[in-house]
Amino acid sequence: MTRPRRVRRAGQLDAGPFAADIASFRLHLAAENKAAGTVRIYCDAACWFAASHLLAETDKTRWGQVGAADVRRWVAWLLGRYSEAYAYQQYRSLQQFFRWLAVEEDLPSPMAKLRPPKVTGKPVPFFSSVELSKLGRCCRGNSFEDRRDAAVLALFLATGIRVSELAAIRYCGDDPDHSDVDLEARAITVRGKGGRDRIVKISHEAARRLDRYLRVRSRHELAYRPELWLGAGNRGPLDRSGIYQLVVRRGQECGVRLYPHRFRHHFSHTWLDRGGAEGDLMELNGWSSPQMLTRYGASARGARARRSYDRVMNSLT
């Protein structure tokens with residue numbers, strides 16, 4: 001049974017005497033041009049550990065006093081309240097902080113001999129044919145909001161891009177050099193992790209839905225803005241949080257458990273399941289390491305094996 005995720009506000013926690021080094025770590029990550037999301041995750045992990053364990057459960061006031069036992073207790077606490085994957089993410093983020101601190105301050109890392117928590121493999125949650133049918137009937141109206149939301153869902157389904165990448169798409173109909181959208185080529189330029197640009201293709205259906213949105217967008221009071229996704233009622237552009245909420249809300253309306261990253265799972269699974277090259281998927285998804293292919297590849301291999309069962313077994317009778 002999956003544990004429910006609890007809401008926390010790491011950015012509002014007071015790390016006390018540990019905060020200065022976390023701020024220096026943040027500056028180091030920024031200087032290395034790490035993605036804003038990566039910086040936030042790494043620094044939040046260190047802040048949460050300091051505020052909720054070191055200050056709340058111990059009398060320690062310096063990083064040099066932190067030992068492996070502190071990290072073990074913290075990870076055990078996380079595993080008791082959150083998913084294995086989330087505890088693993090927090091462990092790896094905290095590990096990055098201590099690696100930096102070990103080099104910067106010549107301190108031994110308390111995590112040097114520790115192992116990360118084990119994460120039990122789970123099937124990648126791609127969409128069923130019934131769910132895809134429900135999504136296809138979603139946002140069928142002609143209002144600004146319907147056309148915008150239909151385009152958002154179609155682009156997610158066609159590309160599997162990250163929510164931060166979708167939120168950052170720029171559009172300038174009069175100046176192709178300053179626009180990320182090329183409808184004629186069915187291509188969109190997105191900014192991935194580390195500020196790396198890449199071009200992703202979109203389906204004919206996604207292009208059609210995006211075109212319908214652009215036509216109604218041209219009458220928006222803020223149509224001159226470079227952000228592609230504008231708010232209904234002439235409100236300002238949507239950020240990644242606004243897009244996330246949009247997706248969840250539309251999922252609730254059509255009866256499908258929906259969140260942006262699920263589209264990424266589905267896109268990757270479908271690509272591999274249909275025989276797409278792994279190297280091409282890495283390029284389309286903006287992966288610099290083949291590590292993620294192992295996870296998504298297992299899902300596609302399982303689906304192929306199940307489809308092959310009747311063909312193979314029937315040949316034996």
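Distance between Cα centroids, segment 157-181 to segment 72-126: provide it in whole Å. Centre-to-centre (Cα) distance: 34 Å. With all pairs of separate Cα atoms included, segment 185-230 yields a Kirkwood hydrodynamic radius of 12.1 Å. Calculate log10 I(q)/I(0) of segment 28-70 for q = 0.21, 0.34 Å⁻¹, where I(q) comes from the Debye formula with a single equal point scatterer on each Cα and nothing for solvent. So the normalised log intensities are -0.72, -1.13.
Helix 19-31 versus the longest principal axis of the chain: what angle, 0 to 90°, nearest 10, using Cα atoms? Helix 19-31 and the main axis of the chain meet at about 40 degrees.
Taking 0.36 nm per residue of sequence separation and subtracting the Cα-Cα distance, how much length would be gained by fully extending the chain between SER203 and ARG81, in nm to one decimal?
Details: separation 122, 0.36 × 122 = 43.92 nm, distance 4.07 nm.
Answer, rounded to one decimal: 39.8 nm.
Under a Gaussian network description of the chain, with springs only between Cα atoms under 10 Å, the residue in LEU94, LEU153, LEU166 that fluctuates furthest is LEU94. Shape descriptor for segment 207-315: Rg over Rh equals 1.12 (Cα atoms; Rh from the Kirkwood inverse mean 1/r).
Since only GLY195, ALA51, TYR171 are under comparison, the one whose Cα sits farthest along the positive direction of the charge dipole of the chain, derived from C-beta charges on Lys, Arg, Asp and Glu, is ALA51.
In a DSSP loop and with at most 11 other Cβ atoms within 10 Å, the GluC sites (Glu not before Pro) in segment 217-317 are GLU221.
With r defined as the distance between the Cβ atoms of SER133 and ASP280 and R0 fixed at 30 Å, what FRET efficiency is calculated, to the nearest 0.05?
On the way: r = 27 Å, r/R0 = 0.92.
The pair SER133/ASP280 has a calculated efficiency of 0.65.
Against the chain, whose longest principal axis is taken from its Cα atoms, helix 204-217 shows a tilt of about 90°.
When the solvent-accessible area of segment 148-302 is split by element, carbon and sulfur atoms take up 49 percent of it, the probe being 1.4 Å. The SER288 and ASN314 beta-carbon pair, evaluated with R₀ = 35 Å, returns a calculated FRET efficiency of approximately 0.20.
Electrostatic bookkeeping for ASP70 treats Lys and Arg as +1 and Asp and Glu as -1; over the other residues with beta carbon under 15 Å from its beta carbon, the sum is +3.
Among ASP174, ASP44, ASP149, the largest mean-square fluctuation in a Gaussian network model of the chain (Cα springs under 10 Å) belongs to ASP174.
Need one number: the % of Cα-Cα pairs in segment 167-271 sitting beyond the 17 Å mark. Present the calculation step by step, with values, prior to reporting the outcome.
Details: 3376 of 5460 pairs.
Tail of the P(r) past 17 Å holds 62 percent of the pairs.
In the elastic network of the chain, a GNM with C-alpha springs shorter than 10 Å, the most mobile of LEU210, LEU55, LEU230 is LEU55.
Could you do me a favour and compute the accessible area per residue for the chain, 1.4 Å probe, result in Å²? Write down the numbers at each step before the final one.
Numbers: 17710 Å² over 317 residues.
Normalised by residue count, the accessible surface of the chain is 56 Å².
For the chain, the convex hull spanned by the alpha carbon atoms encloses 180 Å³ per residue. Think of the chain as having a plus end and a minus end, set by charges on the Cβ of Lys, Arg, Asp and Glu; of TYR213, TRP77, ALA102, TRP77 sits farthest toward the positive end of this dipole. Enter the angle in degrees (range 0 to 90, nearest 10) between the Cα long axis of helix 291-314 and the first principal axis of the Cα atoms of the chain, meaning the one along which they spread out most. Once rounded, the angle reads 60 degrees.
Over segment 98-238, with a single point scatterer placed on each C-alpha, what log10 of the ratio I(q)/I(0) does the Debye formula yield at q = 0.11, 0.13, 0.17, 0.20 1/Å? Treating every Cα as an identical point scatterer, log10 I(q)/I(0) equals -0.55, -0.67, -0.94, -1.23.
Where only DSSP H runs of four or more residues are counted, the chain gives -16500 deg cm²/dmol as its mean residue ellipticity at 222 nm, each run worth -39500 (n - 2.57).
The values are calculated or read from the model by the stated rules, or taken from the named source; none is laboratory data. Nothing here was measured: the structure is a model prediction, and the numbers come from that model. Heads up, the Cβs are rebuilt from the backbone with ideal geometry, glycines too, and the neighbour counts pull from every protein chain shown. Surface areas here come from the heavy atoms of the whole protein model, side chains and all, with no ligands, DNA or RNA. Shrake-Rupley method; radii C 1.70, N 1.55, O 1.52, S 1.80 Å.
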